[in-house]
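The values are calculated or read from the model by the stated rules, or taken from the named source; none is laboratory data. Note that the structure is predicted; figures quoted are calculated from it, not measured. Cβ coordinates were reconstructed from backbone atoms using ideal geometry, including for glycine residues, and neighbour counts include every protein chain displayed.
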């Protein structure tokens, strides 16, 4: 799939067939995450791949926007390592760029995906830290739910010229 086509046609998918994601597809998605830009090239990202059915159900029961996780069959929690990047803003940006790459890669492979936020909601980050047994310096930033999609969604054009400002802010 052409990169611009992928960007313009990707949608969040919350309905899955239950069919497992192939190992080679998962590896491709993770490789895409590693290719994301990183502030100062510190590469602070770490990934926790979750495929255990019990753990998927436990997370879905806690995170109200991740109810589809067990049916998708795979979650990837993107974490940031505070020992590699101490600037929290840059850490979040690096992890977010990685998440976007993974979403586009999954879409390009014909899979469905959705980004479930974790940071900066203390309840969510605390739960994920506990359930995934993360060390103190590893911060869960977001989770990519990925699976074999149960249908397609219509593409939406979100381009809005009223939100484009040239050289300075004009009007409200």
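Some points to look at:
- All of (1) more than 20 Å from residue 55 (Cα to Cα); (2) surrounded by 11 or more Cβ atoms within 10 Å (Cβ to Cβ) hold for residue 127 with one exception: (1).
- Scanning region 67-87 for residues that are farther than 17 Å from residue 20 by Cα and under 14 Å from the mean Cα position of the chain (by Cα) returns 77, 78, 79, 80.
Condition check ((1) under 13 Å from residue 102 (Cβ atoms); (2) surrounded by fewer than 12 Cβ atoms within 10 Å (Cβ to Cβ); (3) touching a helix residue (DSSP H, G or I) at 6+ places or on another chain (Cβ under 7 Å); (4) free of Cβ contacts under 8 Å to residues at least 40 places away in the same chain) across all residues:
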{"residue": "10", "(1), (2), (3), (4)": "yes, no, yes, no"}
{"residue": "17", "(1), (2), (3), (4)": "no, no, no, no"}
{"residue": "25", "(1), (2), (3), (4)": "yes, no, no, no"}
{"residue": "34", "(1), (2), (3), (4)": "yes, no, no, no"}
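- The single residue among 89, 80, 54 that is surrounded by 13 or more Cβ atoms within 10 Å (Cβ to Cβ) and either touching a residue at least 60 places away in the same chain (Cβ under 8 Å) or part of a helix (DSSP H, G or I) (or both) turns out to be 80.
- Residue pairs meeting the criteria (Cβ under 7 Å; at least 6 apart or on separate chains; first closer than 12 Å to residue 62 by Cβ, in region 102-127; second part of a helix (DSSP H, G or I) and at pLDDT 95 or above): 118/124; 118/125; 118/128; 127/62
- Of the listed requirements (1) under 22 Å from residue 25 (Cα atoms); (2) in contact with a strand residue (DSSP E or B) (Cβ under 6 Å, 6 or more places away or on another chain), residue 110 misses just one: (2).
- Candidate set from region 135-149 (those that are touching a residue at least 60 places away in the same chain (Cβ under 8 Å) and more than 19 Å from residue 53 (Cα to Cα)); member that is farthest from the chain's Cα centre (by Cα): 138
- When the criteria are applied in full, residue 109 meets the requirement of being touching a helix residue (DSSP H, G or I) at 6+ places or on another chain (Cβ under 6 Å) and crowded, with 16+ Cβ neighbours inside 10 Å.
- In region 57-76, of all residues being in contact (Cβ under 8 Å) with a residue 24 or more places away in the chain and assigned to a helix (DSSP H, G or I), the one that is surrounded by the fewest Cβ atoms within 10 Å (Cβ to Cβ) corresponds to 62.
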